[in-house]
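Note sheet for the following structure.
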Amino acid sequence: MKHLLQCMCGNNMSLPLLKEAATVSGSEKETAAVIFLHGLGDTGQGWADTMTEFQLPHVKYIFPHAPRIPVTLNLKSVMPAWFDLMGLTPDSPEDESGIKKAADNIKAIIEHEAKNGIPPNRIMLGGFSQGGALSLYTALTCQHQLGGVVALSCWLPLHKSFPSASSGNRNLPILQCHGEMDTMIPVQFGAMTAEMLKSLVDPKMITFKTYPGLSHSSSHQEMEAVKEFIEKHLPRI
């Protein structure tokens, strides 16, 4: 299973993203929401299919699809991507404007859900690879304290701009998971990200789990940990 992330600013611009998003509805009154962002070249549908096995009855799951854009890392091929990628090392140049625009798009979805009755502290962001990176950046720069972040096989974008970019979300719960055999985004990058996050968020709020034998993908064991994290921080009311 391969997965990475996008969105749009302003009230109306985020609605097409929401309209086209794959969703998994709760089986009872929805009192919480998880917005989960796929990886590079993927769509939200694969993650929607995966999450049906791990869903909670009171939680609404939203899986937006990234726009198709040229990606420098892949020889300018046009594919679903939340922002452009120039490289996958900590010192690679970054698409700052694209990252900020994508984060604004996700924040617009948060605002939309909040207007429809789910408060921001009952909304969690999550994502895989590029999607996980965007979910981390968005949550840390969001004016609201969110319910948490699930960051799978990813990194913190624009890390040099923190902590000045951070909105002071010291108590943001973060679950970071990484495969120990990941050759695309090595687990060392995940560990560096976890250390960096400890300077932005109360270290007690950060859980970093690694999975032996797991490459740049997810596993049943990892998804069970995700479900437990969501259940803990978005409990039934």
Over 25 Å apart: what share of the alpha carbon pairs of the stretch 40-146 falls there, rounded to a whole percent?
23 percent
Expected sort for F208, F36 with the fewest Cβ neighbours (10 Å cutoff) up front is F208, F36
So for R122, R170, fewest C-beta neighbours within 10 Å to most, what's the order?
R170, R122
Starting from the 7 Å offset along Cα-to-Cβ, what nm value, one decimal, do you get for the label separation of Q145 and N116?
2.6 nm
Highest GNM mean-square fluctuation, the chain, Cα pairs closer than 10 Å: which of E111, E180, E96?
E96
Zone of K29's modelled label, taken as backbone nitrogen in the stretch 36-68 under 19 Å from a point 7 Å along Cα→Cβ
56-61
Computed over the chain, the ratio Rg/Rh where both radii use C-alpha atoms and Rh is Kirkwood
0.93
For L214, which sequence-distant residues (separation of 5 or more, or a different chain) have an amide H within less than 5 Å of its own amide H, given hydrogens modelled in the peptide plane?
E180, M181
Could you bin all the Cα-Cα distances of the stretch 127-237 into 10 Å bins starting at 0 and give me the percent of pairs in each, rounded to whole numbers?
15, 50, 30, 5, 0
For D95, distant residues with modelled amide H under 5 Å away
M86
Using the alpha carbons of the stretch 10-103, what is the convex hull volume per residue in cubic angstrom, as a whole number?
120 Å³
FRET efficiency for T52 and K160, Cβ-Cβ distance as r, R0 = 35 Å, nearest 0.05?
0.35
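Nearest-5 percent of antiparallel DSSP beta bridges in the chain?
25 percent
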Expected 222 nm ellipticity per residue - DSSP helices of 4 or more, -39500 (n - 2.57), all of the chain, to 500:
-10000 deg cm²/dmol
How much FRET efficiency would the formula 1/(1 + (r/R0)^6) give for S199 and E228, where r is the Cβ-Cβ distance and R0 is 35 Å, rounded to 0.05?
0.85
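Read-outs throughout are calculated quantities, based only on the coordinates presented, and are distinct from any laboratory measurement. None of the values given here were measured: they were computed from a predicted structure. All Cβ positions, glycine included, derive from the backbone under ideal geometry; neighbour counts span all protein chains shown.
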